[in-house]
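Derivation of every value follows stated rules applied to the coordinates shown; laboratory data play no part. None of the values given here were measured: they were computed from a predicted structure. Ideal geometry is used to build each Cβ from the backbone, glycine not excepted, and the neighbour counts take in all protein chains shown.
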Amino acid sequence: MLRPVRLLVSAAAAAAVVGLIAAPAGADGPGTSCPPGVLDCDVISGGGKPPAPGTGGGDDGGSGGGGGGGSAGSVTCTAAGKKVPCFREDLGWFNASDNCYWEVADPQPTAADKDYVTATTGAPDDWKPGDGRFYNVTCPDAPIAGGLMWRQTPPPGLGGGPDLAALAQEAVTKMRLLGADVGIAPKAGGKGGSVGLPVWVWNQEGARTTGPATASATALGVTVTATATVKNVAWDFGNGTTVSCPFPGKPYVSSYGAQVPDKGRGQCGFAGYHQSGNYTVNATTTWAVHWAGGGQQGDLTTTRASEVQIRIGEVQVVGQ
């Protein structure tokens with residue numbers, strides 16, 4: 001479907017460039033990079049509606065606790081403090097630097113249109129076909145500001161400018177998030193506990209183990225700031241028992257005796273092993289990260305892993 005572009009031009013100029021003042025929703029693709037704020041996209045040929053942003057995962061490159069993966073979560077764009085669609089099928093991609101939507105014009109100007117485009121679109125006087133690219137620009141809050149525009153490089157939101165999602169990942173890397181700093185009773189690596197006695201676990205608190213941790217990354221004058229907090233720790237006790245705790249847990253103290261950890265009281269663990277032996281206790285920490293910058297914000301997750309070894313013996317009976 002053809003969509004007219006709003007241009008303030010004379011009748012003569014309009015007649016000379018009738019092929020330039022209308023553009024279909026589809027146009028040539030802007031390049032081979034995902035738009036900022038989109039962690040997972042498919043590069044397409046043609047400027048129609050791209051596939052919906054996915055929730056792709058990936059290692060964010062952070063260190064500590066055995067590494068981990070991540071997922072994109074949600075991404076939003078904002079204009080004047082209000083959320084707006086990052087993509088509109090009828091307008092194209094949102095450019096946070098000017099609060100306008102941009103899409104590649106189709107058809108692109110030809111040599112016969114040089115006088116018009118150099119006079120009205122910002123193209124240089126020595127412009128030649130193939131030099132830069134022309135875009136249909138629509139500014140919902142300032143309609144007169146839109147029109148046919150020329151750029152040597154793609155605008156932010158169309159593969160140009162910094163990749164905000166990549167900056168968010170860079171900020172996460174700077175945090176050097178860790179897996180759980182495992183506290184456990186019976187004590188790891190010691191004489192161990194006994195069959196039938198409860199096992200307590202906790203994540204010792206710190207900026208890199210429980211959060212909140214904050215870091216920023218900057219590129220091309222745009223800064224993205226990310227804040228990470230632990231969403232939960234999934235504990236695998238090596239005997240088929242798993243427990244997920246959305247809190248650090250409370251360290252065991254002798255006054256608890258043989259009390260089984262109670263999640264309702266912020267305690268984490270389980271009732272105990274049924275067989276003696278050596279067990280590996282794995283802790284997988286899920287970090288929730290919120291980032292904002294460049295007129296966009298989003299949420300992602302990343303994980304870190306850690307483990308400890310414990311020994312469980314048989315209950316000793318006096319007189320045996």
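Quick notes on this one:
- Inter-label distance, nm, simple model (7 Å from Cα along the C-beta direction), residue 97/residue 112: 3.3 nm
- Extension gain, residue 204 to residue 188: 0.36 nm times the residue separation minus the Cα-Cα distance gives 4.3 nm.
- Both the radius of gyration and Dmax for segment 164-313 are 18.2, 60 Å, in that order, over alpha-carbon atoms.
- Note on residue 131/residue 90: beta-carbon distance plugged into 1/(1 + (r/R0)^6) with R0 of 35 Å gives a FRET efficiency of 0.80.
- Other residues with beta-carbon under 14 Å from the beta-carbon of residue 269 carry, at +1 per Lys or Arg and -1 per Asp or Glu, a net charge of +2.
- Were the residues from residue 218 through residue 299 laid out at 0.36 nm apart, the gain over their Cα-Cα distance would be 27.4 nm.
- Across the cross-link table entries 174/231; 82/114; 83/250, which are compared at the Cα atoms, the separations over 31 Å belong to 82/114; 83/250.
- Separation of alpha-carbon centers, segment 241-320 and segment 181-202, rounded to whole Å: 10 Å
- Against the rule of thumb 2.2 N^0.38 Å, how large the Cα Rg of segment 103-247 comes out: 1.93
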